[in-house]
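The values are calculated or read from the model by the stated rules, or taken from the named source; none is laboratory data. Predicted, not measured: the structure shown is a model, and the values here were computed from it. Glycine also receives a Cβ, built like all others from the backbone with ideal geometry; neighbour counts cover every protein chain displayed. Ligands, DNA and RNA are stripped out before the accessible areas are found, and what is left, the full protein with its side chains, is counted by its heavy atoms. Shrake-Rupley method; radii C 1.70, N 1.55, O 1.52, S 1.80 Å.
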Amino acid sequence: MFAMHLIFIPLQEHALQELRRVLPEPGVVSTDPDELWGYAQSVYTQLPGRPHSIVVHARSTDDVVKVVNISRRFLVPIVPCSGGTSLEGNLSAPESPSICIDLSGMDCILEINEADADVVLQPGVTWTRLNEILKEKNIPLFFPLDPAPSAAIGGMIATGCSGTNAVRYGTARAEWILNVTVVLPSGEVIKTRQRARKSSAGFDLTKLFIGSEGTLGIITEATIRLAPLLPTRVAVVQFPDVRQATEAVCDFMTQIDRGVRVHATECAELLDSVLMKGLNMASPDEGWSEKDTLFLKFQGSPSAIHETSEVVKTVCGKHGGTGYRLAHGETEAEKLWDLRRHAFLHAAALRPGARGWAMDVCVPVSKLPDLIYAAKEDITALNMIAPIGGHIGDGNFHALVLYQGAEEMNLVEEITSRIVHKAIALGGTCTGEHGVGTRKRHFLPIELGQGTVNVMTSIKRTIDPHNLFNPGKLYPDGHA
Ligand SMILES: Cc1cc2nc3c(=O)[nH]c(=O)nc-3n(C[C@H](O)[C@H](O)[C@H](O)COP(=O)(O)OP(=O)(O)OC[C@H]3O[C@@H](n4cnc5c(N)ncnc54)[C@H](O)[C@@H]3O)c2cc1C
């Protein structure tokens, strides 16, 4: 520890002087304590973050190159931040002094290629802003990946995000990202490929950066694909228990996968009975039955929506679903979907004063009931309250563990660990969409196998030999 101080403190001061020399404009380089704390963690973080020593507000790829070159010269680690909504401690500083590079100001849309249904944009553009701009310009296209509303393209690519629309549109790991421009730890700028829809020119380097959590390169530009904007309708249906709700989803999703019908399903979201109780406590006027509930979204022409809705209603009925309700108009649909969107916020009412720890794992859809039942047993055995919800249509499970005080953190860790182990045993993953960050690193060898982790870490060592890009994240200890 003493040796680290001898090495890093002077280097950090030199780095600061050099940053101020190459980026002299006011406000670009900051050591303001409030700002340093502001970038230590996401506003939603469940993990207490550690502050960086310097924050740099980048305005261009050139700025990023300058910062990376200084980071390398003085061996000061660097952590990129775009929207700041990540949940797994992804933005926290390492133990040694570090630079946080804030890309939220690089928020320009550089090209909208309507004929090709793609856009070229900077990493600080949020998906919500992009979709607003397309709407304002009357362009009937949208970007379907929908994590937290203020998540931005750079962080969304870096976490391999998805969201409620994944049932129909898949995740960031599908074909939505055509290319990225990246500043490597060497200071070199590369663009992973051209804008063409498809390419067989070598292996897919774009994918190397998807889910790399800022550990391999800093994304300063991307070309992403857009989807046609279609009318949507929302439906709600309630079930006697989670197993029947899940079986209903499996049943109608299998029909989609086989291409038989129900092709208009866009989202299939589960709110368990505890989460529904939270909704009632937060808004008593709603008067929901406190049952396991599916919130569904259909998308397409009126006839496709009608056909899909009829099939889904019948399938749900077969599995014990009751009270099937297809929203009549935009207002009702928006109101219902808002309930889904804010369900975990309302869940705070279940334990006033508690903090929430959002858990994220994913299993093959048919295994979801087993996971949920095991999770509920663990939560009850440990005497905790943890409503369960998730993107049931793709097997993505979230529980919000409500805890108070440091002593209950052990219970949160215990529940997390049990649920992750169970998910992996069921053929799933320790994270469906939030990423690995700091606390899930040790699950990677269990989930992926040591050989796979070794390949990942040897790529990391080759690209970032001094381990300067977001150290302490993603790779298990001793691996980077
Ligand atoms: C209320 C709420 C709901 C959420 N729902 C979802 C959901 O449905 N689906 C989902 O997937 N996630 C969800 N999340 C998590 C979060 O929104 C996603 O992880 C999102 O993709 C993070 O994007 P960001 O821009 O905020 O990233 P940041 O928090 O800024 O960064 C995330 C990671 O990416 C790295 N990074 C950031 N920018 C760059 C860059 N330009 N180049 C390289 N690396 C970079 C960072 O170092 C960090 O490791 C939710 C979060 C909240 C708070």
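Some points to look at:
- Which numbered condition Gly49 misses (of (1) at pLDDT below 95; (2) open to solvent by 20 Å² or more (accessible area, probe 1.4 Å); (3) out of contact with any strand residue (DSSP E or B) (no Cβ under 6 Å at 6 or more places or on another chain)): (2)
- Residues of the range 335-359 satisfying the condition of being crowded, with 19+ Cβ neighbours inside 10 Å and within 16 Å of the ligand (Cβ to nearest atom): Trp337, Leu339, Arg340, Ala343, His346, Ala347, Gly356, Trp357, Met359
- Here His421 passes the criteria (1) within 16 Å of the ligand (Cβ to nearest atom); (2) open to solvent by 60 Å² or more (accessible area, probe 1.4 Å) except the one numbered (1).
Condition check ((1) in contact (Cβ under 8 Å) with a residue 24 or more places away in the chain; (2) within 22 Å of the chain's Cα centre (by Cα); (3) crowded, with 22+ Cβ neighbours inside 10 Å) across all residues:
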| position | (1), (2), (3) |
| --- | --- |
| Pro24 | no, no, no |
| Glu35 | no, no, no |
| Tyr39 | yes, yes, yes |
| Ser53 | yes, no, no |
| Ser60 | yes, no, no |
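- Tally of residues being part of a loop (DSSP other than H, G, I, E, B) and under 18 Å from Gly89 (Cβ atoms) across the range 417-439: 10
- Within the range 155-210, the set of residues being farther than 30 Å from Leu294 by Cα, of a type in the set (Lys, Arg) and either within 12 Å of the ligand (Cβ to nearest atom) or assigned to a helix (DSSP H, G or I) (or both) comprises Lys207 only.
- Taking the numbered list (1) open to solvent by 60 Å² or more (accessible area, probe 1.4 Å); (2) farther than 19 Å from Gly160 by Cα; (3) without any contact (Cβ under 8 Å) to a residue 60 or more places away in the chain; (4) touching a helix residue (DSSP H, G or I) at 6+ places or on another chain (Cβ under 9 Å) in turn, Gln404 passes all entries but (4).
- Any chance Ser309 is touching a Pro at 6+ places or on another chain (Cβ under 9 Å), over 30 Å from Asn383 (Cβ atoms), of a type outside the set (A, V, I, L, M, F, W, C) and more than 16 Å from the ligand (Cβ to nearest atom): no
- When Ile99, Ile139 are checked against the criterion of being over 19 Å from Thr206 (Cβ atoms) and within 16 Å of the ligand (Cβ to nearest atom), a single residue qualifies: Ile99.
- When Glu290, Glu332 are screened for being open to solvent by 20 Å² or more (accessible area, probe 1.4 Å) and assigned to a loop (DSSP other than H, G, I, E, B), only Glu290 passes.
- Thr192, sole failed condition from (1) closer than 30 Å to Arg340 by Cα; (2) touching a helix residue (DSSP H, G or I) at 6+ places or on another chain (Cβ under 8 Å); (3) of a type in the set (Val, Ile, Thr): (1)
- Residues that are within 20 Å of Leu87 (Cβ to Cβ) and open to solvent by 30 Å² or more (accessible area, probe 1.4 Å), drawn from the range 433-457: His434, Thr438, Arg439, Arg441, His442, Glu447
- Filtered by the rule that a residue be surrounded by fewer than 23 Cβ atoms within 10 Å (Cβ to Cβ), under 21 Å from Arg351 (Cβ atoms) and among the acidic types (Asp, Glu), the range 266-287 gives a lone residue, Glu286.
- Restricting the range 295-322 to residues that are within 16 Å of Thr254 (Cβ to Cβ) and in contact (Cβ under 8 Å) with a residue 24 or more places away in the chain, the residue that is most open to solvent (accessible area, probe 1.4 Å): Lys318
- Hits in the range 34-75 (condition: away from the ligand (no atom under 13 Å from the Cβ), under 20 Å from Ser212 (Cβ atoms) and touching a Pro at 6+ places or on another chain (Cβ under 9 Å)): Ser71, Arg72
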